[in-house]
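Notes follow once the structure below has been shown.
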Amino acid sequence: MARLYLLHVHKLHILESPPIQPLDRKSVGLKCNDALDGVITLPSGRTLRKLDHAPPMNRRTWEAPPRVDRLNGSIPGTTLSDRHIVAETMYIMKPIVHLGSMCVFGEKSWKPWLISITIEYISLQRLKSFKNLTPQQRLVLSKRSLNLAMYIVRSPFFENYSEKHIRLFLHWFVNSVPLVGPLMRPFLEYMKQWQETYFYLWSV
């Protein structure tokens, strides 16, 4: 619910997971110093250019300097359209829809898995169609694209298809490559337990 609030009320565009990232103080300090050079930002957020940094009279446009985001030192991204807000809302609601479908169809049913991957794929394709994405937003969408590959190790696909092939490959790898056996055999023994522990999350 908090992510929906950030999206619809504060218009925070494509949200990362977690929404508040760890602060890199060194990079933020460097970016802020470069971005705010020659600009004064008032408490209201309005930016004013210093007189000694103004361009020559014949090159002045008399436009206000761009507002700088103090958190990442960049100009805020373009506001998403209603269509893309719907796509981001679908992505945020995916875990709730998945849990609800599990309650309706059961944990062993294929329907929750299919519903979840369909929602994620449609949301991702609609967001990728937005042309004015910032580099940070493109990075978030790239991570979401990689997240689609995680569906091969999520139930029930893992138990019915991928587990058998993964085990066959690892057995061949252990028997073919010297000195790998002591490292890979514990993984083979506990692969099912690790899958249940680390790949049951559906929130991103």
Legend entry - Solvent-accessible area per residue for region 82-163 (1.4 angstrom probe, square angstrom): 55 Å²
Inset, instruction - Work out the FRET efficiency for residue 176 and residue 197 from their Cβ-Cβ distance, taking R0 = 30 Å, and round it to the nearest 0.05. - result: 0.60
Legend entry - Rounded accessible area of residue 89 (nearest 10 Å², 1.4 Å probe): 30 Å²
Legend entry - 20 °C / 1.002 mPa s Stokes-Einstein diffusion coefficient of region 125-169, Kirkwood radius on C-alpha pairs, µm²/s: 172 µm²/s
Inset, instruction - Quote the charge dipole size of region 83-204 about the Cα centre in Debye, to the nearest 20; the model charges only the Cβ of Lys and Arg (+1) and of Asp and Glu (-1). - result: 460 debye
Legend entry - Packing-based ranking, highest mean first, of 139-146, 182-189 given that Cβ atoms within 10 Å are counted: 139-146, 182-189
Legend entry - Relative packing of 113-121, 158-166, which averages over residues the other C-beta atoms within 10 Å, highest first: 113-121, 158-166
Inset, instruction - Taking every pair of alpha-carbon atoms in region 154-204, give the share separated by more than 17 Å as a whole percent. - result: 41 percent
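The values are calculated or read from the model by the stated rules, or taken from the named source; none is laboratory data. Note that this is a predicted model, so its numbers are computed, not measured. Cβ: placed from backbone, ideal geometry, glycine included. Neighbour counts: every protein chain shown. Ligands, DNA and RNA are stripped out before the accessible areas are found, and what is left, the full protein with its side chains, is counted by its heavy atoms. Shrake-Rupley method; radii C 1.70, N 1.55, O 1.52, S 1.80 Å.
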